[in-house]
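Input: a single structure, listed below in structure tokens.
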Amino acid sequence: MTESSILNRLAALDTNTVSDALDFLDLKGATYGLRPLWDCPKIVGRASTVKVGPKTDAAPTTHLLTPVIDAVTTNDRILVISGGTEGISCWGDIIANASKKKGIRGTIIDGMSRDIDGSRDVGYPVYGRGVTMISARNRLVQLESGTPLQVRGVTVNEDDYVIADNCGTVFVPAARIEEVLDLGERIDRRQNRMVQAVRAGNPVSEVMHDKQFEAIRHSEESAPAASAASSSLNPKKASPEDAELAALFAESDTPGISDALDKLGIPGQALGIMPLTNYEKVTVGPAFTVRYVPASDPPGSVGDFIDDVAEGDFVVIDNGGRTDCTVWGDIMTQYAGLRGIAGTVIDGVCRDVNRAIKDEYPLFTAGRWMRTGKDRVQVGGVNESVGIGKVRVNPRDIVVADANGVVIVPRHRAREVAEVAQKIEKSEEGIREMIVNGATIGEARKQLGYHTLQRHEKN
């Protein structure tokens, strides 16, 4: 498995799930007390370890951490610092800026930070015990780096895996990462089913019984069958590859991906397909394609395909752009939500929009109208190539949708598109940082090549 695949799979989980996986495997890794020091995003990466300690003489020294930051050459690093002293900072805004410039993903401190606003202003994630204003200068020094550390009772080695989010920080031994990921993904799927079982009306005392958690140790096939009350739970689960490809775009948005598609010469922007409401999050998933045709006599099915859609899939419906009858309403919305379907894209219209808005179910269409499609249209085919907003969509292509609209990423080019999108977004972030620091927009754009970021480079 490639390094990027491992990090993408880890990014698709959260610290709660990874902590549970470590518990099942009798591994130490979850820490208590190392929380985000500003409202920073989740970070995942490989540990670069640094140990600090009290300064014991008056001789001038290099500022702690700077040699480690200067030595970083890859973009998967998270600095892990141990030995901090209560009330004394071992992090500040200047080294946050330097780390950001180096492409370091974030810092975990078993200690304190100061100038936390400076880290926040440049979007650099910092996790630790707390904040202070007292400088480390002449108080703390760097003792060693690249060596095993003790962090909150957990041994952390160089290159171990790190995940940190709003709940805290977890370290995963590099030698056990695939085992932890496999179990974590199994836990995540089972817990999602447990949530849906509660929502479907099953007694929580039964859903959360110890025997249900213990069953996580075993294969998915050994999971107990759903009761009648939870019959709407989805037995079709996302494949590991689907989860990996979707995770590639978890931190992107449709403008960035659109620019990447332009640069690679790939048509993928769905014209005229817009969000039902101003969604704050980005929704990503593989396409489950559906083609509608005019109804026959007698009429055929209009929505039974949904029983075949897996968790995390994006339903993509080609109704030929028709606006005179709908192919999606409140029953479909409720059922899709219960089954963990990511969202729906329609080259056509929807109805019962209040239900979708209330349930926060992501819906992207050419419009809304109240007239039913029953006896007017029927399903002509599923999981075949369809057209959405002048874009061809093949089954399992990756759909990314947000408040700006919908883009389609060909599955076989998903990794390439994600890489280019991340580079473009990083350059644009650099431009924003430069103008905040006093550069003119012309200077910033020229220095970071803004005018060529999206330009298609012909071979």
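The values are calculated or read from the model by the stated rules, or taken from the named source; none is laboratory data. Keep in mind it's a predicted model, so treat the numbers as computed, not measured. So basically every Cβ, Gly included, is an ideal-geometry build from the backbone, and we count neighbours across all protein chains shown. In case anyone asks, the SASA skips ligands and DNA or RNA and just uses the protein heavy atoms, side chains included. Shrake-Rupley method; radii C 1.70, N 1.55, O 1.52, S 1.80 Å.
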Gyration tensor verdict on the chain (Cα atoms; rounded if a/c is under 1.5, prolate if a/b is larger than b/c, oblate otherwise): oblate
From phi via Karplus (6.51, -1.76, 1.60), per-residue ³J(HN,Hα) for the range 291-306 in Hz, x at Gly/Pro: 10, 9, 9, x, 5, 8, 10, x, x, x, 5, 10, x, 5, 4, 5
Ranked packing of 75-85, 350-360, most packed first, by mean Cβ within 10 Å: 75-85, 350-360
Length released on extending from K423 to N192, taking residue separation times 0.36 nm less the Cα-Cα span: 79.9 nm
Three-way shape label, the range 263-394, alpha-carbon gyration tensor, a/c 1.5: rounded
Full-stretch length increase - H412, T155 - with 0.36 nm per residue and alpha-carbon distance subtracted: 88.6 nm
Rounded accessible area per residue of the range 344-440, 1.4 Å, Å²: 48
Inter-label distance, nm, simple model (7 Å from Cα along the C-beta direction), C167/V131: 2.5
C-alpha center-to-center spacing [the range 344-362, the range 108-181] in angstrom: 42
A403-N278 pseudo-label distance in nm [points 7 Å out on the Cα-to-Cβ vector]: 0.5
Angle between the chain longest axis and helix 177-199 axis [Cα atoms, degrees, rounded to 10]: 50
Per-residue HN-Hα couplings for the range 327-334 [Karplus 6.51, -1.76, 1.60; θ = phi - 60°; Hz; x = Gly/Pro]: 10, 8, x, 5, 5, 5, 4, 5
Estimated FRET transfer efficiency when R0 is 60 angstrom, pair I331-T2 (beta carbons, to 0.05): 0.90
Folded to 0 to 90 degrees: helix 414-436 orientation relative to the chain principal axis, Cα: 50
FRET E, pair R371, L143, Förster distance 51 Å, beta-carbon r, rounded to 0.05: 0.10
Theoretical FRET efficiency, 1/(1+(r/R0)^6), r = Cβ-Cβ of D23 and E360, R0 45 Å, to 0.05: 0.90
For the range 3-183, accessible area per residue (1.4 Å probe, heavy atoms of protein chains only), Å²: 43
Considering only the chain, percent of DSSP beta bridges that pair antiparallel, nearest 5: 55
Cα shape, the range 3-183, gyration tensor, a/c 1.5 rule: prolate
Fraction of accessible area attributable to carbon and sulfur, the range 3-183 (%, probe 1.4 Å): 49
